[in-house]
Amino acid sequence: MQLDLPRYTERFGAISLHGVQRVYELDSGFNNGGLTSEFIRRIGNEEISEIERKMAIVIPIKGERLKLLEGVLSGIPHDCLTIIISNSPRQPVDRYKLEKEALEQFNRFVGRNALILHQKDPGLSDALRQVNYNSLFGPDDTIRNGKAEGMIIGMLLAKAGGKEHVGFIDADNYVPGAVNEYVKIFASGIAMSNTPYTMVRISWIYKPKVSESGVYFSKWGRVSEITNQYLNSLISYYTGFETEIMRTGNSGEHCISLKLAELLTYSSGFSVEPYEIVNVLEEFGGIVPTEYQEAMDKGVEVMQVETRNPHFHEEKGDEHLKEMFSGSLGSIYHSKICHPKLREKIIEDLRSRDMLVEGQEPDILQKISPFKDIDIHQFAKILYERATSFAHSI
Ligand code: GDD
């Protein structure tokens with residue numbers, strides 16, 4: 001792959017937030033590494049494969065069409081460990097069983113290393129309790145619904161599997177070739193980074209909308225434009241300079257080095273992606289004290305890379321967008337580094353959209369603790385023994 005070196009970087013404490021980088025060539029051959037020009041870096045196929053071998057790809061899924069899941073599986077490079085975390089209904093039709101069968105059938109042909117687990121498996125709850133990791137449980141003492149919750153479980157399995165990087169790809173993608181590109185971008189970002197504490201986020205070149213009059217290649221999702229605006233304001237209130245650096249606030253497709261991933265606090269459900277950025281700013285921005293001095297010394301990099309493929313996925317309707325919108329803004333509003341003036345703006349915005357009434361604040365979102373201190377071998381041992389939905393196929 002050939003892509004831009006970061007052209008502009010916003011520095012915030014120990015964090016380097018790089019502006020959007022473009023891809024010039026999806027496959028730049030075996031010729032390994034190096035600069036093509038002063039501005040473009042070539043990452044050869046061998047280097048990409050090497051990183052893919054150390055990478056797990058987590059697919060969170062809840063009731064998606066199997067055809068789409070099969071397409072996504074076919075787009076993931078062979079050497080990555082594929083981890084499906086499902087919260088699909090088990091009755092009246094056992095959708096999870098169908099997903100498991102589809103994965104097993106796919107693997108019979110391709111022989112890939114893959115895991116699948118159901119989010120509500122009581123054996124998984126046992127394993128989490130035994131290692132005293134309780135932040136995924138709801139009031140009824142079972143694991144909560146939520147995409148973030150699925151992602152954390154996937155990260156635990158990636159860590160247990162000895163992987164160094166973890167990427168996330170939604171299960172509802174229509175284009176396997178796009179999935180493949182996302183993973184190549186993840187690997188290229190990791191190859192370009194100068195620290196073990198790295199996050200690579202996908203910026204879609206287009207998110208097309210299909211209507212009766214044809215396909216419209218829009219650039220922004222309805223929620224992401226606003227989320228980015230508030231994340232940028234969060235930064236600007238500290239630096240005193242307006243910025244447009246953040247372009248991927250809601251990006252579901254992203255990758256994190258495990259060394260960084262295990263230090264972060266996460267926010268529940270669909271607020272997970274914007275809060276990853278908020279938490280990186282909280283922990284490593286130098287505003288509030290942190291216990292992670294090693295990461296402060298080595299620095300944290302956030303890269304945003306624009307794809308060549310457009311992003312075609314299932315549209316889930318207005319209610320879902322509202323949930324994502326209030327979750328995204330709520331995760332910024334409740335941050336300990338959110339400036340009071342920005343809080344006022346968020347309240348005004350939510351009120352003008354009839355999403356809050358006078359005197360009301362955005363809901364406080366459930367937080368998920370860092371998983372760095374979990375005894376991961378003990379977790380894996382209990383999971384293997386007790387989780388009946390768990391399957392590992394090679
Ligand atoms: N394991 C698990 N548990 N997976 C879930 C759950 C859950 O409770 N809820 C949803 N998922 C899966 C979906 O099946 C899908 O694969 C993925 O999480 C994303 O959910 P969607 O419902 O498809 O969300 P979206 O497409 O509207 O939004 C996506 O893109 C946004 C950016 O445009 C998500 O990735 C958002 O997080 C992202 O901000």
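The values are calculated or read from the model by the stated rules, or taken from the named source; none is laboratory data. Note that the structure is predicted; figures quoted are calculated from it, not measured. As a convention, Cβ positions derive from the backbone with ideal geometry for all residues, glycine included, and neighbour counts pool all protein chains shown. Note: accessible area is taken over every heavy atom of the protein model, side chains too, but ligands, DNA and RNA are not part of it. Shrake-Rupley method; radii C 1.70, N 1.55, O 1.52, S 1.80 Å.
Checked against (1) modelled with pLDDT of 95 or more; (2) more than 16 Å from the ligand (Cβ to nearest atom), Gly29 meets all criteria but (1). The single condition among (1) open to solvent by less than 40 Å² (accessible area, probe 1.4 Å); (2) closer than 17 Å to His165 by Cα; (3) away from the ligand (no atom under 15 Å from the Cβ) that His254 does not meet is (3).
When Lys54, Lys62 are checked against the criterion of being within 12 Å of the ligand (Cβ to nearest atom), under 20 Å from Leu157 (Cα atoms), open to solvent by 60 Å² or more (accessible area, probe 1.4 Å) and out of contact with any Pro (no Cβ under 7 Å at 6 or more places or on another chain), a single residue qualifies: Lys62. Residue count for the stretch 316-338 under the criterion of being open to solvent by 40 Å² or more (accessible area, probe 1.4 Å), within 16 Å of the ligand (Cβ to nearest atom) and outside any helix (DSSP H, G or I): the result is 1. Picking from residues in the stretch 288-306 that are under 25 Å from Ile185 (Cα atoms) and among the charged types (D, E, K, R), the one that is farthest from the ligand (Cβ to nearest atom) is Lys298. Here His313 meets each of (1) surrounded by 22 or more Cβ atoms within 10 Å (Cβ to Cβ); (2) within 25 Å of Gln21 (Cα to Cα); (3) within 10 Å of the ligand (Cβ to nearest atom) with one exception, condition (1). If you go through the stretch 262-287 and keep only what is among the small types (Gly, Ala, Ser), modelled with pLDDT of 95 or more and within 16 Å of the ligand (Cβ to nearest atom), you end up with just Ser267.
Is it the case that some residue within the stretch 215-223 is closer than 23 Å to Arg7 by Cβ, of a type outside the set (Gly, Ala, Ser) and open to solvent by 10 Å² or more (accessible area, probe 1.4 Å)? Yes, the stretch 215-223 contains a residue that is closer than 23 Å to Arg7 by Cβ, of a type outside the set (Gly, Ala, Ser) and open to solvent by 10 Å² or more (accessible area, probe 1.4 Å).
Would you say Arg247 is within 15 Å of the ligand (Cβ to nearest atom), open to solvent by 30 Å² or more (accessible area, probe 1.4 Å), in contact with an Asp or Glu (Cβ under 9 Å, 6 or more places away or on another chain) and outside any helix (DSSP H, G or I)? Can you show your working first?
Working: within 15 Å of the ligand (Cβ to nearest atom): yes; open to solvent by 30 Å² or more (accessible area, probe 1.4 Å): yes; in contact with an Asp or Glu (Cβ under 9 Å, 6 or more places away or on another chain): yes; outside any helix (DSSP H, G or I): yes.
The answer is yes for Arg247.
When Lys259 is tested against (1) open to solvent by less than 30 Å² (accessible area, probe 1.4 Å); (2) closer than 30 Å to Gly161 by Cβ; (3) away from the ligand (no atom under 16 Å from the Cβ), just one condition goes unmet, and that condition is (1). Checking each residue in the stretch 34-70 for being part of a strand (DSSP E or B) and either among the hydrophobic types (A, V, I, L, M, F, W, C) or over 14 Å from Glu314 (Cβ atoms) (or both) picks out Leu35, Ile40, Arg41, Arg42, Met55, Ala56, Ile57, Val58, Ile59, Ile61. When Glu242, Glu276 are screened for being free of Cβ contacts under 8 Å to residues at least 40 places away in the same chain, among the acidic types (Asp, Glu) and at negative phi, only Glu242 passes. Screening the stretch 75-111 for residues that are away from the ligand (no atom under 16 Å from the Cβ) and among the polar types (S, T, N, Q) and picking the one that is least open to solvent (accessible area, probe 1.4 Å) gives Asn107. For Lys341, the conditions (1) farther than 18 Å from Ser203 by Cα; (2) within 13 Å of the ligand (Cβ to nearest atom); (3) outside any loop (DSSP other than H, G, I, E, B) are fulfilled apart from (2). For the stretch 139-155, the set of residues classified as over 14 Å from the mean Cα position of the chain (by Cα) and either of a type in the set (S, T, N, Q) or open to solvent by less than 10 Å² (accessible area, probe 1.4 Å) (or both) consists of Thr142, Ile143, Asn145, listed by residue number.
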